Each structure stands twice: as C-alpha cells, then as structure tokens.
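To start, the structure itself, in structure tokens.
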C-alpha cells in the first residue's frame with residue numbers, strides 16, 4: 001500500500017479525502033487507519049476508490065499492490 005501515492009492522486013484529481021470518505025461511507029479516521037496500514041482496504045473500497053478517482057489498472061496496482069513477495 002502506497003499511501004503517499006493515494007493522497008497524491010486524490011489531489012491530482014481535484015478531490016478531497018473527506019469527499020472520498022463520504023463516497024466510501026467511512027469516517028476520515030478509518031481512512032487514515034487504512035492509509036497507515038493499521039487496517040486494510042476492502043476489495044469493495046479499492047474498486048470504489050478506483051472508480052471515484054478514475055484510476056487506471058496500473059495506477060491501482062501501484063497504489064494498493066506494490067509490495068513484492070519474494
């Protein structure tokens with residue numbers, strides 16, 4: 001999870017964290033816990049974020065699935 005990239009995309013798209021949280025039906029504190037890795041975004045939330053920010057599949061992978069398993 002690349003939280004900095006997600007926050008950057010929110011800004012690039014002219015959106016706000018508050019607006020995204022409203023679209024996800026979660027509180028901003030819950031969002032920041034997920035952003036910090038204290039809990040995980042659900043599959044539904046990832047899909048909603050992708051749609052809300054109009055992210056490409058590659059950008060979605062970069063943000064949410066950027067950890068390499070060895």
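Tabulated data
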read-out: Evaluation of residue 10 against (1) surrounded by 10 or more Cβ atoms within 10 Å (Cβ to Cβ); (2) in a loop (DSSP other than H, G, I, E, B) (one fails), failing number; value: (2)
read-out: Close pairs from region 44-60: first on the phi > 0 side of the Ramachandran plot and assigned to a loop (DSSP other than H, G, I, E, B), partner at pLDDT 95 or above and surrounded by fewer than 15 Cβ atoms within 10 Å (Cβ to Cβ), Cβ under 9 Å, at least 6 apart; value: 54/13
read-out: Residue, nearest to the chain's Cα centre (by Cα), within region 19-43, restricted to residues that are assigned to a helix (DSSP H, G or I) and loosely packed, with under 11 Cβ neighbours inside 10 Å; value: 43
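The values are calculated or read from the model by the stated rules, or taken from the named source; none is laboratory data. Small disclaimer: the values here were computed from a predicted structure and weren't measured. Virtual Cβ from ideal backbone geometry, glycine too; neighbours counted across all protein chains shown.
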